[in-house]
1. Mind checking which of A:LEU94, A:LEU210, A:LEU333 has the largest fluctuation in a GNM of chain A, springs on alpha carbons under 10 Å?
2. Mind checking which of B:ILE141, B:LEU98, B:THR151 is farthest towards the positive end of the range B:39-152's charge dipole, using Cβ charges of +1 (Lys, Arg) and -1 (Asp, Glu) about the Cα centre?
3. Contact order normalised by length for chain A, with contacts defined as Cα pairs under 8 Å and 6 or more residues apart; what percent is it?
4. Along the range A:202-213, what does the Karplus equation 6.51 cos²θ - 1.76 cosθ + 1.60 (θ = phi - 60°) give for ³J(HN,Hα), rounded to whole Hz, x for Gly and Pro?
5. Enter the mean number of other protein chain beta carbons within 10 Å of the beta carbon of each residue in B:244-250, as an integer.
6. At 222 nm, what value in deg cm²/dmol follows for the protein assembly as shown if DSSP H runs of at least 4 each add -39500 (n - 2.57) and the sum is divided by all its residues, to the nearest 500?
7. For B:LYS94, B:LYS173, what ranking results if the residue with the fewest other Cβ atoms within 10 Å of its Cβ goes first?
8. Quick check on chain A: take the gyration tensor over C-alpha atoms, sort the square-rooted eigenvalues as a ≥ b ≥ c, and tell me if it's rounded (a/c under 1.5), prolate or oblate.
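No lab work stands behind these numbers, since they all come straight from the coordinates. Nothing here was measured: the structure is a model prediction, and the numbers come from that model. We place every Cβ from the backbone using ideal geometry, glycine too, and count neighbours over all the protein chains shown.
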Amino acid sequence: VTIVQDVVGTREPNTGFRWTPAMLGAVLALATLVLLICGLGAGSSGWSLNDGSTVIWEIRAPRTVGSFLVGALLGQSGAVAQGIFRNPLAEPYLLGSASGATLAIVLVLAAGHLTGVPISIAAAAWLPRLGLVGAAFVGALGGIGLTVVLARGAARPTVLLLAGVVVGVVLGAFANLLMLVSPEALRGAQVFLLGNTGFLGWRSVAPLLLALVLTLAVTTRSGRALDALVLGESTAVSLGLPVARIRLLLIGTLALCTGTAVAESGLIAFVGLVAPHIVRRSVVVNHSGLIAISALAGGVLLLAADVVARTVLAPQELPVGLLTAVVGGIYLLLLLHRRTRAVVE
Amino acid sequence: MTRIRPARHRMGLALLGLGIVSCGGVVADTLALTDHAAVLDDRGRAIASNPPPTRIVTLLPSLTETVCELGACSRIVGTDRYSNWPPLVRSLPKVGGLEDPSLERIVALHPDVVLASRSSRVIDRLDELGIPVVALEANTIGDVRRVLVVTATLLGDPAAGVDAWQRLQTRIKVAAAQIPPVMRGNSVYFEVSEAPYAAGASSFIGELLGMLGMSNAVPGNLGPFPKLNPEFIVRVQPSIVMTSEREFAGMRDRPGWSGLRALQLGRICAFPAERFEVLIRPGPRLGEAANMLSSCLVKINSRGAP
């Protein structure tokens, strides 16, 4: 035992600085605060807080808060997905939920055009907006459901991810097909496919906040079950946990997270994948903590991306979804590169 | 003829060698004046126009409209999916869109020539199959003129291109003259689609607005169709907002946009989808577009009058 401790001790010296979950949480909360202020100040012509109350409180404030909330929903859903499917590569986008939500929204846009009720993502009033969120939720649920059915359950992570990728491609193709047939739907959906936080208003913030509070209440309480699942499905069952029921519940919350986020701001890639990774690399924490801190990290990531997207080319704007895809993609590649190097060495 | 030919040949070679594609207007005009046996398209390729083509496939609505404007509508045997003007082209065979043209259906129509956008994906395959392609791209009003002249030359009637261009210019001038002096110089925000993408001063729509004496809320240095931060428009407070009915439907509900004075005062030109197409297609209907814009400005002015 002492030899083992010695070996462990030499490999992981305790003298070095270690983050604790509380410290990481505090740093992220501080970053959120700073970014919220940045978000209020980042305007279409440089930084300023004196641009009139309409601009600050009706445009910048809700889009800043909204970006944080969308990021938090995505970060949370990433952590949950990686927990349920015991796979660090799982994220809502790789499980068919985002493409399901997209297909549903394109369907609604096309139907709106056919029936002469133009629905615009930028400015939908309460009812159509709830309709869009509802459709996106059903679509996300359908996407994940299809993936799980095709993979015959979530027990085999590789099969599941493969099924998720296939479902994503197929549903994405259906959405493209629909856009080809209905150019009006295409025009509406274009904004949305690139991810857009520019039109997040207080009407978007309300459903986002509601979804975040609801889902966090469920997911952080399911942490114990996810912790047990790490030890394997049979162990979790033998511990007396209703694994199947909890998994179903979590998949439902996953769909709600993705559906709401997609309905409000379109496709924003990689935040759900990267946020939990950053947390897991920094601290050792159980699933409840991981989910909560990942939500915070996701919020910080997307809010930072939003601030960058509106300042680099001001008064023009980068599509925020493209920005997260590029930055998140590079981060993931670096991570993979380091891992493979470590394995080779 | 014998005296002209070597000169044209030399000039053509020199221009091809220099790869001057952007100066296509000069090239086309020179060719139009000297001979109409061949035209140079935007890729710098020479396409024989003798005898003039009788079976034409067009792969862009503005090119379809150009051919019809030049009186050769009856020679079109197929168009892209979105070509819908003049109405008689609606019944013609459709061969797909910009991204998904059906090579097979184009070939089956046995065209003498295919008119396509430079960015059309089917051009290379048509080249390989030996079907002549004239690639033309219009991004500015100057380009519209060049496309008219090149197409007219291709059709064997260079004078028709010059005539069409003059008709277009006259219509724009007439439209400009109808705009009340108090409206001139007012800033216009023209939204092409929600994101929001605007038509800046350097786009053909911006140029047209400039020819009508209006100023653009979106400066030209941002590029022709910049994606803007929505708050920019609220801060700039354009005097007039122009867009499609579809975008306009939700505009007031956008966060903070209810504070746009142009929306509050009803200084809006919202065009139905089919009319909006006239505005966003860089083709021969820009004269009609100018007329639509001026009519709307007249209406706004009469409403605003005490």
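1. A:LEU333
2. It is B:THR151, whose Cα lies furthest towards the positive end.
3. With pairs under 8 Å counted, the relative contact order is 31 percent.
4. With coefficients 6.51, -1.76 and 1.60, one gets 4, 5, 8, 4, 4, x, 5, 5, 4, 4, 5, 4 Hz.
5. 5
6. It lands at -19500 deg cm²/dmol.
7. Fewest to most other Cβ atoms nearby, the residues stand as B:LYS173, B:LYS94.
8. Since a/c reaches 1.5 but b/c is at least a/b, the shape of chain A is classed as oblate.
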